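Structure first, commentary second.
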Amino acid sequence: MSWLSTQGARQALLATTKSSRAAGKARALPSTWSSWQPSSPSAPSTSQHRLVSTASPVVGMATPAFECLDAHEARGRRLMAQHAPPMQQQQQQQEDVSNTASTSSGPEPSYSFVTSGYQLFHHNEPLYLDYGRVLPELQLAYETWGTLNEAKDNAILIHTGLSASSHAKSHGENPARGWWEDFIGPGKALDTNRFFVICTNVLGSCYGSTGPSSPNPYDPERAPYGSRFPILSIFDMVRAQFLLLDHLGIDSLFASIGSSMGGMQSIAAAHLEPERVKRVVSISGCARSGPSSIALRFAQRSVLMSDPNWNRGHYYGPDRLPPHAGMKLARQIATITYRSGPEWEQRFGRRRRRAAPGSGQEPSSSELAPALCPDFEIESYIDHQGESFCLKYDANSLIYISKAMDLFDMSDDALEDLDDRRRKAHGQEVASIKPLAISTDPTSMEEALSPSPPRAGRRKHIRTLSSPSAHFYLPSLSRGLSRLADTPTLIIGAQSDILFPIDQQRELAECLRMAGNSQVRYSELDAPTGHDTFLIDEINVGGQIRGFLA
């Protein structure tokens with residue numbers, strides 16, 4: 001039985017149990033519960049939830065306030081009343097977010113909701129995908145900064161993280177602050193006086209590029225794909241980007257630069273087209289998704305898919321609600337993986353919420369009474385991050401793109417498997433495409449790692465992997481990375497990163513050097529901001545990039 005079928009069976013069982021209780025077949029509730037009634041989700045006022053003060057001396061009679069549930073119910077009522085697609089609700093959602101934890105209390109990335117200012121590239125021919133399906137057509141949203149020179153050899157392609165748009169930097173068509181605002185511009189790390197900078201919204205996303213929320217050409221009414229959208233790989237995403245570069249007449253990239261998922265794509269781009277990518281920068285990325293990262297993303301998808309409003313991926317109709325509860329929970333989990341304990345100790349510690357001045361409660365210097373909804377400041381912060389994001393991004397895009405991240409593996413045996421899948425699914429349609437694996441000949445693969453004399457100037461390997469068991473896959477991983485042997489590469493990681501642990505950047509540098517790359521620069525940052533360091537630390541991350549591109 002499938003997981004979703006099991007969920008359905010569980011819900012049916014719960015419904016049967018409730019029916020039995022209503023018929024008097026269940027044991028009687030304790031007398032102290034006899035007067036309690038659950039709040040109605042359609043209740044017109046949240047004041048009903050505050051009938052008795054939590055300071056009531058009568059044990060078991062107090063009715064606690066659940067402001068977090070009130071907010072969830074209010075959001076559902078508002079969406080039901082408006083009957084508008086979820087991506088059109090972001091402005092109202094931003095206005096309704098409670099001010100329980102201001103993002104101004106610390107450095108936060110600027111992921112703005114993008115509705116304009118990008119260009120669209122349309123590709124009207126099929127894209128044959130690694131896992132056997134075909135996109136009959138696609139479009140990519142992209143933005144550019146700087147000027148492409150006459151030789152067209154000064155282009156830099158930026159690869160984004162999971163939920164980022166193409167809006168990395170403000171410009172005349174969209175003056176809103178971009179998510180990498182401080183890294184791009186005249187004299188900055190990506191100097192627009194020197195470089196023509198391109199950023200795309202990744203294939204599978206919802207900010208202009210083809211994704212699950214896009215019209216399905218195979219559907220007679222061109223309804224959105226929903227969960228009929230095909231599984232993507234990181235390589236599929238990068239192939240779409242190269243189609244855009246072909247359209248722009250750019251044969252060679254000065255650099256392929258990416259962070260987080262973009263760090264995977266920057267490596268994949270140089271592997272797919274080593275002659276076209278002159279330099280690689282991979283920040284807080286990896287060459288192989290590890291089990292801990294996969295588990296964290298699976299937890300996000302699980303809570304999202306458990307939201308009844310997800311409806312197996314089909315929630316785009318005017319009579320449907322988006323899975324806003326699941327998205328909020330998924331974002332809360334994600335936020336925990338994006339930052340770090342050391343930073344939160346500094347920002348929040350164990351401080352709890354205090355009464356706001358003029359609220360009629362205790363003075364602002366006093367902590368509020370303990371509550372089951374957000375109580376500690378860190379809880380309020382996590383709640384705020386989920387609330388502010390849950391209608392900003394498409395749930396199916398999160399599911400599909402995070403799955404592509406899980407599937408990413410540059411090990412040679414994994415690349416061989418993808419080659420086999422493509423050949424079996426597409427036959428002659430992909431016969432002219434260069435295979436991903438370096439060879440299907442085991443002898444040739446062994447020769448790739450033979451103990452031949454190292455190249456001049458080759459540095460020693462980084463023998464700092466924390467787990468000896470991790471070494472068993474390194475030979476296959478280094479074979480898979482052998483096409484980057486002549487590509488200057490900068491790898492940056494943050495020691496406090498729990499989503500892409502620092503060992504993943506260490507093994508990437510290690511395997512590149514094992515494959516013969518003598519031009520690897522490796523840097524570890526001790527910033528306390530975890531995975532989001534690449535978005536925040538312009539001085540150290542930007543400084544490393546600036547020096548590498550000089």
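The values are calculated or read from the model by the stated rules, or taken from the named source; none is laboratory data. These numbers were taken from a predicted model, which means no experiment stands behind them. Virtual Cβ from ideal backbone geometry, glycine too; neighbours counted across all protein chains shown.
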Subject >> Output for the range 257-301, where each listed residue is crowded, with 24+ Cβ neighbours inside 10 Å, within 16 Å of the chain's Cα centre (by Cα) and among the aliphatic types (A, V, I, L, M) >> reply: MET261, MET264, ILE283
Subject >> Enumeration of residues in the range 234-256 that are surrounded by fewer than 22 Cβ atoms within 10 Å (Cβ to Cβ) and not aliphatic (A, V, I, L, M) >> reply: ARG239, PHE242, ASP246, HIS247, GLY249, ASP251, SER252, PHE254
**OP:** Tell me, yes or no, whether the range 458-470 has at least one residue that is within 19 Å of ASP413 (Cα to Cα), at pLDDT below 95, in contact with a Lys or Arg (Cβ under 7 Å, 6 or more places away or on another chain) and assigned to a helix (DSSP H, G or I).
**Re:** no
**OP:** Residue by residue through the range 223-233, note down the ones that are surrounded by fewer than 20 Cβ atoms within 10 Å (Cβ to Cβ) and within 17 Å of the chain's Cα centre (by Cα).
**Re:** ILE231
**OP:** Tell me which residues, restricted to the range 153-169, are in a loop (DSSP other than H, G, I, E, B), hydrophobic (A, V, I, L, M, F, W, C) and touching a Cys at 6+ places or on another chain (Cβ under 9 Å).
**Re:** ALA164, ALA168
Subject >> Hits in the range 302-320 - residues which are assigned to a loop (DSSP other than H, G, I, E, B) and crowded, with 22+ Cβ neighbours inside 10 Å >> reply: TYR315
**OP:** Would you mention how many residues in the range 122-150 are touching a Ser or Thr at 6+ places or on another chain (Cβ under 9 Å) and either among the aromatic types (Phe, Trp, Tyr) or in a loop (DSSP other than H, G, I, E, B) (or both)?
**Re:** 8
Original post:
So GLY516 clears everything in (1) modelled with pLDDT of 95 or more; (2) on the phi > 0 side of the Ramachandran plot; (3) surrounded by 21 or more Cβ atoms within 10 Å (Cβ to Cβ) except one condition, right? Which one?
Top reply: (3)
Original post:
Pick from the range 201-224 the residues that are of a type outside the set (S, T, N, Q), in contact (Cβ under 8 Å) with a residue 40 or more places away in the chain and out of contact with any helix residue (DSSP H, G or I) (no Cβ under 7 Å at 6 or more places or on another chain): which of them is nearest to SER260 (Cα to Cα)?
Top reply: TYR207
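Inside the range 471-507, can you point out the residues that are among the charged types (D, E, K, R) and assigned to a loop (DSSP other than H, G, I, E, B)? Give the steps one after another, and end with the answer.
Within the range 471-507, the subset among the charged types (D, E, K, R) is 479, 483, 486, 497, 503, 506-507.
If the condition is that a residue be among the charged types (D, E, K, R) and assigned to a loop (DSSP other than H, G, I, E, B), then ASP486, ASP497 are the ones that fit.
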Original post:
For the range 345-354, does any single residue satisfy the condition of being part of a loop (DSSP other than H, G, I, E, B), modelled with pLDDT under 90 and out of contact with any strand residue (DSSP E or B) (no Cβ under 6 Å at 6 or more places or on another chain)?
Top reply: yes
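Can you tell which of ALA414, ALA431, ALA425 is among the aliphatic types (A, V, I, L, M), without any contact (Cβ under 8 Å) to a residue 12 or more places away in the chain and surrounded by fewer than 21 Cβ atoms within 10 Å (Cβ to Cβ)? Please lay out each step first, then the result.
Values: ALA414 fails: without any contact (Cβ under 8 Å) to a residue 12 or more places away in the chain; ALA425 fails: without any contact (Cβ under 8 Å) to a residue 12 or more places away in the chain.
After applying the criteria, what remains is ALA431.
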